[in-house]
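The values are calculated or read from the model by the stated rules, or taken from the named source; none is laboratory data. Computed from a prediction, not measured in an experiment: that's the story for all the values here. Here the Cβ positions follow ideal geometry from the backbone for every residue, glycine too, while neighbour counts run over all protein chains shown. Note: accessible area is taken over every heavy atom of the protein model, side chains too, but ligands, DNA and RNA are not part of it. Shrake-Rupley method; radii C 1.70, N 1.55, O 1.52, S 1.80 Å.
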Amino acid sequence: MKNQTNAAQAENPLGTAPVGSLITKFAIPAIISMLVSALYNIVDQIFIGQGVGMLGNAATNIAFPVTIISTAAALLLGIGSASNYNLEMGAGNEKKASSIAGTGLSSLIISGTILSVIVLLFLKPLLHFFGGTPDVMPYAIDYMGITAIGLPFYVLSTGGNHLIRADRSPTYSMTCILAGAAINTILDPLFIFGFGWGIKGAAWATVIGQIVSGLLIIFYFSRLRKMYLDHSMLIPEARNLSAIFSLGMASCINQVAIAAVQIVMNNTLRHYGALSAYGSDIPIACAGIISKVNQVFMAICIGISQGSQPILGFNYGAEKYSRVRQTYRYSVTLCTVIATIFFICFQFFPHQIVGIFGNGSDLYFHFAEKYLRIFMLMTFANGIQPMSAGFFTSIGKARLGVIMSLTRQMLFLLPLIVIFPVFFGIDGVMYAGPIADTSAFVLAVVFARRELGVMKAAEQNA
């Protein structure tokens, strides 16, 4: 049995192929998938800004926590399943790996359906809780009331893509997301401008794109999968869910933290904006735009992290620690290069970036440019934290993954955006960003260096 396991490990390119080429093979499709996923929100924001205006942009920001919470459920089950699948395959436990994948797949469908029902039942109170103002609420209700219909397909496509990558089909994974986003991009102008549906048109374009992506996921696991998977494995098992939650919790908590920060941020901007020259709606609209722009940057870094996940998980399971360390170093370097490029764009071209999302008053652009420059001041260092969180999850260190996911959002940013505005008014929200980013960066470096040192010592003692 041991010889069979060693033979299976030797045949798997994750344990033998050059690390650089593996990262390229897996990270590029993952990055494209994440970018395309981000485009669902970006494209809507652009066309809504051009066709509906500032209140439409503010409405998508108010509705955004629902998307984040849905992403949290998708990553909990998708990354948790994929990480366990690769670890078990690396250890030679193929049947157990497939059983976990089956539980994860069915649980994605169930959780997405539950979220959709909850949002539709409690739509108005949720949007008010998320920071909706009287002027923004009608737009937010129209937008979220429709997009909630597509949540089961969104959760399935977002989470299922991780399992497809774990099954060594990164290109198909990319295609699933790309197809949905392409449809969304084509239908947005047609529905908003051609049919005159306004913000409802943007919502229906999003839902149709999500349905297409979800159906492609179902087709893959029905017809194209490489893993062994029978119908009995699709019945969720408690022991599999426990393993999935353990390794998916870090990514899930990170998204929940983002949602919590978004909700507190919207309410803080609503309150302190009303006390400033900007009013409530301008800060909420601007913050929404900048969060979507930052989502593009984070999509690339998270894509690199997700593309590295199969390589990290398999080699850690196979005790090939030098390859694990090499994969982490390459990935972190890539993230830092990308982060530096975005930092330059945020600091030197804020007006042009904000202008993509529609026109506004001088006051609107003044706030948006100032917010983008200050809040995103530490962008050049922001790639380390998501990469480190993914690293710990991939090697089965769930607790450290959770800590890394919580640092920036919950431990640092959330308290700061509550405390700073008390002393600095609405500008306090801006200053909270770089301080939280710096703190999270330092913590990620300390924990990652320690773990890499442990692996190096294990190599030398082997």
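List of remarks:
- Accessible surface of the chain [probe 1.4 Å, protein heavy atoms]: carbon and sulfur percent: 68 percent
- Net length gained if the chain between residue 21 and residue 347 were fully extended (0.36 nm per residue, minus Cα distance): 114.1 nm
- Built from the Cα atoms of region 261-391, the convex hull projects on average onto 8.6 nm², one quarter of its surface area.
- Spin-label pair residue 452-residue 422: with each label point 7 Å from Cα along the Cα-Cβ axis, the two points sit 3.9 nm from one another.
- Using Cβ point charges alone (K and R +1, D and E -1), the dipole size of region 261-402 about the Cα centre works out to roughly 580 debye.
- The dipole here belongs to the chain: it is taken about the Cα centre, uses +1 on the Cβ of Lys and Arg and -1 on the Cβ of Asp and Glu, and is about 1160 debye.
- Here the translational diffusion coefficient of region 340-462 follows from Stokes-Einstein with Rh set to the Kirkwood radius across Cα pairs; for 4 °C and 1.567 mPa s it amounts to 79 µm²/s.
- Selection from 217, 252, 235, by position along the positive dipole direction of the chain (Cβ): 235
- On full extension, the segment bounded by residue 277 and residue 228 gains 11.5 nm, given 0.36 nm per residue less the C-alpha separation.
- Solvent-accessible surface (1.4 angstrom probe) belonging to residue 442, in square angstrom, nearest 10: 80 Å²
- In this structure region 249-461 gives 38 Å² per residue of accessible area when probed at 1.4 Å with all protein chains present.
- Ordering 426, 377, 29 by the projection of their Cα atoms onto the charge dipole of the chain, which places +1 on the Cβ of Lys and Arg and -1 on the Cβ of Asp and Glu, puts 29 at the extreme positive end.
- Note that region 166-301 shows a convex hull volume over its alpha carbon atoms of 167 Å³ per residue.
- Given charges at Cβ of Lys, Arg, Asp, Glu: region 249-461 dipole, positive-most of 311, 280, 410: 311
- Across q = 0.06, 0.12, 0.14 Å⁻¹, the chain modelled as identical point scatterers on its alpha-carbon atoms has Debye log10 I(q)/I(0) values of -0.25, -0.99, -1.32, in the order of the q list.
- Distant-in-sequence amide contacts of residue 396, defined by a placed amide H-H separation under 5 Å and a gap of 5 or more residues or a different chain, comprise nothing.
- Distant alpha-carbon pairs in region 18-236 (separation over 20 angstrom), percent: 58 percent
- The long axis of helix 321-348 is offset from the longest Cα principal axis of the chain by roughly 10 degrees.
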